Amino acid sequence: MPWQRPMRWWRHAITDRADVNRAFPADALDRLERAIAAAEARHAGQIVFAIEPALPVARVLAKLSPRERAIEVFGHLRVWDTERNNGVLVYLLLADRDVEIVADRGIHRHVGEAAWQQVCETMEDAYRDGRFEDGAIAGIEAISALLAKAFPRGEGGNELPNRPVVI
């Protein structure tokens with residue numbers, strides 16, 4: 001796991017918002033926003049895409065895992081607060097090139113951990129090659145396909161913002 005490597009603290013010390021802007025320029029964020037909106041038109045799920053450049057070094061030294069941080073972000077962004085418990089957070093910790101998916105209980109019981117892990121691996125493979133936008137869109141499309149099975153389009157509107165959040 002990349003987050004357990006000895007020099008992890010250094011990557012977090014030198015990664016900042018400028019790295020996010022290089023990986024996801026404004027036009028790429030616009031395209032991701034449109035991809036999320038298009039995906040949500042096919043199902044009743046809610047997708048939130050969050051990018052965090054790095055963790056404070058103290059949290060890295062305390063061995064906070066990307067998964068633990070993703071769960072914190074899930075609560076902070078209130079992804080859990082949807083009418084049908086159908087929120088999904090896609091969390092990218094850029095310094096670690098680590099993707100975590102946290103799904104609300106209403107979705108997770110239909111999809112399961114193995115499917116989420118497969119989506120994360122697909123995205124991480126693209127990120128290792130520097131294809132950030134491609135990886136993000138592939139992840140959004142894969143999540144949308146899973147959500148379409150569990151939460152077909154029905155009543156309800158867009159409860160969470162489609163614009164990717166940079167933390």
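The values are calculated or read from the model by the stated rules, or taken from the named source; none is laboratory data. Everything quoted here is computed from the prediction, not taken from an experiment. Cβ sites come from the backbone with ideal geometry, for glycine too, and all protein chains shown count toward neighbours.
What the table below lists for this structure:
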quantity: Breaking point among (1) within 24 Å of V60 (Cα to Cα); (2) in contact (Cβ under 8 Å) with a residue 12 or more places away in the chain; (3) of a type in the set (D, E, K, R); (4) in a helix (DSSP H, G or I), for E100; calculated: (4)
quantity: Hey, E100 of a type outside the set (S, T, N, Q) and in contact with a Leu (Cβ under 8 Å, 6 or more places away or on another chain) or not; calculated: yes
quantity: Every residue from region 78-109 that is surrounded by 15 or more Cβ atoms within 10 Å (Cβ to Cβ) and farther than 24 Å from L64 by Cα; calculated: T82, R84, N85, N86, G106, I107
quantity: Residue in region 22-44 that is assigned to a loop (DSSP other than H, G, I, E, B) and within 13 Å of I167 (Cβ to Cβ) present; calculated: yes
quantity: Where A138 falls short, out of the listed (1) over 18 Å from A50 (Cβ atoms); (2) assigned to a helix (DSSP H, G or I); calculated: (1)
quantity: Any hit, region 103-122, residues being modelled with pLDDT under 95, more than 19 Å from A23 (Cβ to Cβ), out of contact with any Phe, Trp or Tyr (no Cβ under 7 Å at 6 or more places or on another chain) and in a loop (DSSP other than H, G, I, E, B); calculated: yes
quantity: Yes/no for A41 being free of Cβ contacts under 8 Å to residues at least 60 places away in the same chain, among the small types (G, A, S) and out of contact with any Asp or Glu (no Cβ under 7 Å at 6 or more places or on another chain); calculated: no
quantity: Which listed residue, of I143, I137, is closer than 21 Å to D19 by Cα, under 12 Å from the mean Cα position of the chain (by Cα) and crowded, with 20+ Cβ neighbours inside 10 Å; calculated: I137
quantity: Criterion: at pLDDT below 95, part of a helix (DSSP H, G or I), of a type in the set (D, E, K, R) and out of contact with any helix residue (DSSP H, G or I) (no Cβ under 7 Å at 6 or more places or on another chain) - qualifying residue of R59, R69; calculated: R59
quantity: Some residue of region 67-89 being hydrophobic (A, V, I, L, M, F, W, C) and more than 30 Å from P152 (Cβ to Cβ); calculated: no
